[in-house]
Amino acid sequence: MRISARADYAVRAALQLATARGDAPLKAEAIADAQDIPHKFLEGILNDMRRGGLVLSRRGGNGGYRLARPAEDISIADVIRVVDGPLVSVRGVRPPDLSYTGPAESLLPLWIALRSNVREILDGVSLADVAAAELPAEVTALTDTPDAWVNP
């Protein structure tokens, strides 16, 4: 699975908003600087997140962005879906819309299982979990396997 720069930046921006103090909105420039994200790229991402109902924006001198819901109510999957679409696709097609024949027939349940596991992890972790460095035990356990940190 590949996480796009767009998804990575969106999650990082959402985490910056999740840890903002008070109810004051953050300016895009401040988020971009804090997370080392190209400002123009971030503007497009924040607009997608606004249209997706994850952030609210306010114009003007006291304007900026803030989360539309509490950080514990926004999953990492929510953020990725808003900026990148489905979590798992094959050639841009969602797994249930695929069909295979012959020796490739068992690929479909493999792709479905992959999607299920990705959903379980990303839907089960909120912005608040990551911001507090308190990942669910099931997620932390996956990082404890010897091969988790090694590229094959």
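Overview of values
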{"item": "Calculated FRET efficiency for the pair Thr145/Ile112, C-beta based, R₀ 22 Å, to 0.05", "result": "0.45"}
{"item": "The chain, dipole about Cα centre (Lys/Arg Cβ +1, Asp/Glu Cβ -1), debye to the nearest 20", "result": "760 debye"}
{"item": "Accessible-area composition of the chain, carbon plus sulfur, in percent [1.4 Å probe]", "result": "52 percent"}
{"item": "Nearest-ten-degree value, helix 5-18 long axis tilted from longest Cα axis of the chain", "result": "50 degrees"}
{"item": "Val88/Arg58 FRET efficiency (R0 25 Å; Cβ-Cβ; nearest 0.05)", "result": "0.10"}
{"item": "Length-normalised contact order of the chain in % [C-alpha pairs under 8 Å, at least 6 apart]", "result": "24 percent"}
{"item": "Derived scalar couplings ³J(HN,Hα) [the stretch 93-110; Karplus, 6.51 cos²θ - 1.76 cosθ + 1.60; whole Hz; x for Gly, Pro]", "result": "10, 5, x, x, 8, 9, 8, 10, 10, x, x, 8, 4, 7, 5, 4, x, 5"}
{"item": "For the chain, calculated [θ]222 nm from helices alone, where every DSSP H run of n ≥ 4 adds -39500 (n - 2.57)", "result": "-14500 deg cm²/dmol"}
{"item": "Candidates Arg119, Arg66, Arg94: whichever shows maximal mean-square fluctuation once the chain is modelled as a Gaussian network with Cα springs under 10 Å", "result": "Arg94"}
{"item": "At 0.692 mPa s and 37 °C, Stokes diffusion of the chain via Kirkwood alpha-carbon radius, µm² per second", "result": "193 µm²/s"}
{"item": "Contour minus Cα-Cα distance for Arg119 and Glu43 (0.36 nm per residue)", "result": "24.7 nm"}
{"item": "Most fluctuating residue given options Ile74, Ile112, Ile37, as computed from a GNM of the chain linking Cα atoms under 10 Å", "result": "Ile112"}
{"item": "Descending semi-axes in Å of the stretch 1-63, equivalent ellipsoid built from Cα gyration tensor", "result": "19, 12, 12"}
{"item": "Per residue value of the accessible surface for the chain (all protein chains in place, 1.4 Å probe), Å²", "result": "62 Å²"}
{"item": "Within the chain, longest stretch free of exposed chymotrypsin sites (Phe, Trp or Tyr not before Pro) [DSSP loop, at most 14 other beta carbons within 10 Å]", "result": "1-99"}
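The values are calculated or read from the model by the stated rules, or taken from the named source; none is laboratory data. The shown structure was predicted, so the numbers you read here are calculated from the model rather than taken from an experiment. Cβ sites come from the backbone with ideal geometry, for glycine too, and all protein chains shown count toward neighbours. Calculation scope for accessible area: heavy atoms of the full protein, side chains included, ligands and nucleic acids excluded. Shrake-Rupley method; radii C 1.70, N 1.55, O 1.52, S 1.80 Å.
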